[in-house]
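The block underneath contains the structure these notes are about, expressed in structure tokens.
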Amino acid sequence: MTEKKIISNERGRIDKALTALFPEYSRSQLKQWLVEKAILVNSQPVKPNYKVKENDQIELTVPPIKEISLQPENIPLKIVYEDEDVLVINKPQGMVVHPAPGHPDKTLVNALLAHSPLSTINGEFRPGIVHRIDKDTSGLLMVAKNDQAHRSLAAQLKAKTNIREYTALVHGVIKEDSGKIDAPLGRSQIDRKKQAVISGGRNAVTHFTVIKRYQNYTLIKCILETGRTHQIRVHLKYIGHPLVGDPLYGPMKTIKGNGQFLHAGKLGFKHPRTGEELIFVAPLPEIFRKTLDYLDKQDNL
């Protein structure tokens, strides 16, 4: 276990101060350690709403990393389509796709293992997973139930013949009706938890079309030409219109939600066995719809 002691010059809520003091850890991880009393202020545990004072001594004891043991878990799934080869899942915000350090269980993979057989191509901790979306992004994912299906779906991704459309709410008013963001992505040299537009990064292309403009926000459709980690989130920040609610790439002052307002609403692919073109659509989550209704009302005041 690693112990870190720091004298704080921060002020305000402890959960926000911790993000500034320990940028190498995610906000959700720090909050969890706060609840687990792995973080002490002046040698005492505190609640997440504690207000940090200047010269508070903040002590973090990093718990040992839990060994990941992949187990089936009886977690409800929103199944949009299923046959002997593939599953299409509508993933809710807040669900991690596959186990990783900090997220050993309660993932989509844990739920899938309790539901059906899965392909083995992607290794022990990502069975069936052909592509992924971020924890706080909602929407459609295709899952392979056997290796033959996995190879076909992965080949379609590589050939860019899939349909992957996202709905996104961003800060600011985009003037152009449509555009193409062509900017290479790689790990940030400043913050290793983040991706960034960097010289020599991997090719990344996102197309966008404006759906509706609000007074201070824009609703857009994004189509992925490539599928890099955090691609839409980083690309939209790069053009000066970060996603609303994005805890990693967006501004602190934003509309409250369950993370970024990004929804994988349309997914299309050829069935790996029959070759039939399949297209699926998932409606926006309730919090997304309510936020758009609120913006409509604000604009009509």
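Can you list which of the trypsin sites (Lys or Arg not before Pro) found in region 178-233 are DSSP loop residues with at most 14 other C-beta atoms within 10 Å? Of the trypsin sites (Lys or Arg not before Pro), the ones in loops of region 178-233 whose Cβ has at most 14 other Cβ atoms within 10 Å are Arg192, Lys193. A simple charge model with +1 on the Cβ of Lys and Arg, -1 on the Cβ of Asp and Glu and nothing else charged puts the dipole of the chain at about 720 debye relative to its Cα centre. Packing, taken as the mean count of other beta carbons within 10 Å per residue, orders the peptides 239-248, 284-293, 105-114 from highest to lowest as 239-248, 105-114, 284-293.
Fully extending the segment from Glu54 to His271 would add 72.1 nm, taking 0.36 nm per residue of separation and subtracting the current Cα-Cα distance. When the chain is treated as a GNM with alpha-carbon contacts under 10 Å, the residue of Phe280, Phe22, Phe208 showing the greatest mean-square fluctuation is Phe22. For Leu262, the residues whose amide H sits under 5 Å from its own are Ser138, ignoring neighbours fewer than 5 places away on the same chain, with H placed 1.01 Å from N. Per-residue packing, averaged as other Cβ atoms within 10 Å, sorts the ranges 42-53, 258-269 into the order 258-269, 42-53, beginning with the highest. Taking a straight Cα-Cα cut-off under 21 Å and skipping sequence neighbours fewer than 8 places away in the same chain, the lysines within cross-link reach of Lys194 are Lys16, Lys31, Lys135, Lys237, Lys253. Region 207-280 and region 100-177 have Cα centres spaced 14 Å apart.
Here is how the number arises for the chain: DSSP H runs of 4 or more residues each give -39500 (n - 2.57), the sum is divided by the residue count, and the result at 222 nm is -5500 deg cm²/dmol. Straight-line cross-link reach from Lys78 at under 15 Å between alpha-carbon atoms covers these aspartates and glutamates, not counting any fewer than eight positions away in the same chain: Glu286. For the chain, relative contact order (Cα pairs under 8 Å, six or more residues apart, normalised by length) works out to 14 percent. Listed by chain and number, the aspartates and glutamates placed with their C-alpha closer than 15 angstrom to that of Lys160 are Glu225, Glu277; residues fewer than eight positions away on the same chain are left out. 3J(HN,Hα) along region 206-215: 10, 9, 9, 9, 6, 9, 7, 9, 10, 4 Hz, from the Karplus curve 6.51 cos²θ - 1.76 cosθ + 1.60 with θ = phi - 60°, whole Hz, x for Gly and Pro.
Only the coordinates and a few stated rules stand behind these numbers; no lab work does. All values reported here derive from a predicted model rather than from experimental measurement. Please note: Cβ atoms are built from the backbone with ideal geometry, for glycine as well, and neighbour counts cover all protein chains shown.
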